[in-house]
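Each value in this text was obtained by applying a stated rule to the coordinates, not by laboratory testing. Computed from a predicted structure; not experimentally measured. All Cβ positions, glycine included, derive from the backbone under ideal geometry; neighbour counts span all protein chains shown.
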Amino acid sequence: MARRIAYKGTAFPIAFTREKDDAFPGCEFFDQLSLLHQAKLIALFRIAGDHGKLHYPTKVCSEGRGEEGKEMKMKTKQEEPMESAEFRKLMAVESLTAEASETIARLMAEQKVSKADLARRLNKSRAWVTQLLSGKTNMTVRTLAEVSHGLGFAIMLHARACGASGV
């Protein structure tokens, strides 16, 4: 079954599968998303493809490396919108936001801390924790520091120049 690579991660690629009629419904869906939603989806692809899994449950899936394990030599769905400066800006924001939520979820999983446990540690509601991890609540740097401290960790930020990928 043919696949079109959406993101070529260091752990594994994320791909859209071609249907029997040669259509790529995943690509068609992606192309109809707004730039913001494309950036959010690629941010999730990056986490899954580079880390090997997501610690916060999502409806993102990946399937192999293409036909018979061969690498596909084509522009990925991530590379196409990177030509837009607006998309690169949105991608930078969404990547950092997704990475922050994923880091918190990973720390919770490693320590076997439930959302309810974290909420109690922070004197917040479980719903607040759920909204924070899902991106429905704006995670400020202050909130990130508070939550990571509640898990016994400090978050350190490191700046780097935007590369050719724009992020």
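The table below gives the values:
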{"item": "Links that overshoot a 26 Å alpha carbon limit, given the list K89/K136; K8/K136; K89/K112; K40/K115; K89/K124; K115/K136", "result": "K8/K136; K89/K112; K89/K124"}
{"item": "Hz values of 3J(HN,Hα) by residue in the stretch 27-34 - Karplus curve (6.51, -1.76, 1.60), Gly and Pro given as x", "result": "5, 4, 4, 4, 4, 8, 6, 5"}
{"item": "Sequence of K115, K20, K136 once ranked by neighbouring C-beta atoms within 10 Å, starting from the fewest", "result": "K20, K136, K115"}
